[in-house]
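Okay, structure first, notes after.
The numbers here are math on the coordinates, done by the rules we state, and not lab data. Computed from a predicted model, the values in this text were never measured in an experiment. So basically every Cβ, Gly included, is an ideal-geometry build from the backbone, and we count neighbours across all protein chains shown.
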Amino acid sequence: MALIGAHMSIAGGLEKSIERGEALSCEAIQIFSKNQIQWRCAPLSQGRAERFFRAWGESSIESVVVHASYLINLAATDATGDRSIAALEDEIERCDLLGVDDLVLHPGSSRGRPAEEGLALAAERLGLVLGRTAHKRVSVLLETMAGQGDILGKDFRQLRRIFELLDWHPRLGLCLDTCHMFAAGFEMRTPASYERLLDEVEKTIGLDRVRCWHLNDSAHPLGRKLDRHANIGEGELGNAPFSFILNDPLWEDIPCILETPPDGHGYGRDLAILRKLRGG
């Protein structure tokens, strides 16, 4: 069955994320490997990595996913582009030290230029980083985006273009975000529309490339291109799509990660709803 979990804070040490996930009975968690809004950070020491890996091994958490820094934009033409190359390479190195196989990455923004130019530049730089880290097992999972402004990844054709430009690199995968896809115009609230969504993924990229889900309700209606997450069942999506996902044998052992608002109900309520929808 799908693995239910949430994004956990690393405040106080990376290993604290494991403790927090255990306290909520998570089967999977997502973390940042460093401060996600700063370019500079101290190198990850072997000792810190070992403390995290030991805590994970002693826990009941089956899967850990790392989310790359929000600052990274491989499609940027200014200094951010070069910084992003170095930052992504560092993220992969950190994942490797932590024993984490999957790194979620936002595709970037073309910043006013044609989307095709942005996709080509992002693919070129991503290919450079994958080449530099060829000795690592870490996969980069491109996340589906809501489509606001010049953000890349609003549909599967754009994401497919990156896969094509990288010759379907084996270390390239997908992270499907329910709120983002709904905001971009993908309906999924009925069995038929959920199946059409899966057909689109299979036709353009392949369901076998999906390595992670982000489970978030949407505060805004279908197709508004506004990325605002809501607690499960309290937004426009309702409970149905999450039931479809969690009970679909396609997602056996795939981490399904909450990124719902941390204030208000917190993750406890949302996790309980997801477990009920899954049937345990």
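Stretched out fully, how many nm does the piece from E62 to D208 gain, at 0.36 nm a residue minus the Cα gap?
On the way: separation 146, 0.36 × 146 = 52.56 nm, distance 1.97 nm.
Answer, rounded to one decimal: 50.6 nm.
With a sphere of radius 13 Å drawn around the Cβ of G238, what net charge do the other residues whose Cβ falls strictly inside it have (Lys, Arg +1; Asp, Glu -1)?
Net of charged neighbours comes to -3.
For each of C179, C26, count neighbouring Cβ atoms within 10 Å of the residue's Cβ, then give the residues from fewest to most. Each step should come with its number before you reach the end.
Details: C179 26, C26 29.
Ranking C179, C26 by Cβ neighbours within 10 Å, fewest first, gives C179, C26.
Evaluate the charge dipole of the chain about its Cα centre and quote only its size in Debye, nearest 20, assuming +1 on the Cβ of each Lys and Arg and -1 on the Cβ of each Asp and Glu.
Working: 32 positive and 41 negative charges, 82 e Å.
Value, rounded to 20: 400 debye.
Between A240 and Q148, what length comes free when the chain is fully extended (0.36 nm per residue of separation minus the Cα-Cα distance, one decimal in nm)?
30.6 nm
Positive end of the charge dipole of region 1-124 (Lys, Arg +1 and Asp, Glu -1 on Cβ, about the Cα centre): tell me which of A86, A49, A11 has its Cα farthest that way.
A11
Would you be so kind as to identify which of H106, G131, A146 lies farthest towards the positive end of the dipole of region 94-178, taking Lys and Arg as +1 and Asp and Glu as -1 on Cβ and the Cα centre as origin?
With unit charges placed on the Cβ atoms, the residue in question is G131.
Reachable lysines from K154, Cα under 22 Å, same-chain residues fewer than 8 places away excluded?
K203, K225
Where both residues lie in the chain, what percent of DSSP beta bridges are antiparallel, nearest 5?
Numbers: 3 of 32 bridges.
Within the chain, antiparallel bridges account for around 10 percent of the total.
In the chain, which longest range has no GluC sites (Glu not before Pro) that are both DSSP loop (not H, G, I, E or B) and surrounded by at most 12 other Cβ atoms within 10 Å?
Within the chain, the longest run free of exposed GluC sites (Glu not before Pro) spans 59-251.
Counting other beta carbons within 10 Å of each residue's own, what order do S193, S69 fall into, fewest first? Write down the numbers at each step before the final one.
Values: S193 15, S69 22.
Arranged by neighbour count, lowest to highest, S193, S69 become S193, S69.
On full extension of the chain, what length is gained from W168 through R40, given 0.36 nm per residue of separation minus the C-alpha to C-alpha distance?
Values: separation 128, 0.36 × 128 = 46.08 nm, distance 3.13 nm.
Between W168 and R40, full extension yields 42.9 nm more.
For K136, go through the lysines and keep the ones whose alpha-carbon is under 20 Å away, minus same-chain ones fewer than eight residues off.
The qualifying lysines are K34.
For the chain, what mean projected area does the convex hull of the alpha carbons give, in nm²? Let's see the in-between values first.
Details: hull surface 54.0 nm².
One quarter of the hull surface, i.e. the mean projection, equals 13.5 nm².
By counting other Cβ atoms within 10 Å of each Cβ, how are W168, W56 ranked from fewest to most? Could you put the intermediate results ahead of the total?
Working: W168 12, W56 22.
Ascending number of Cβ neighbours within 10 Å: W168, W56.
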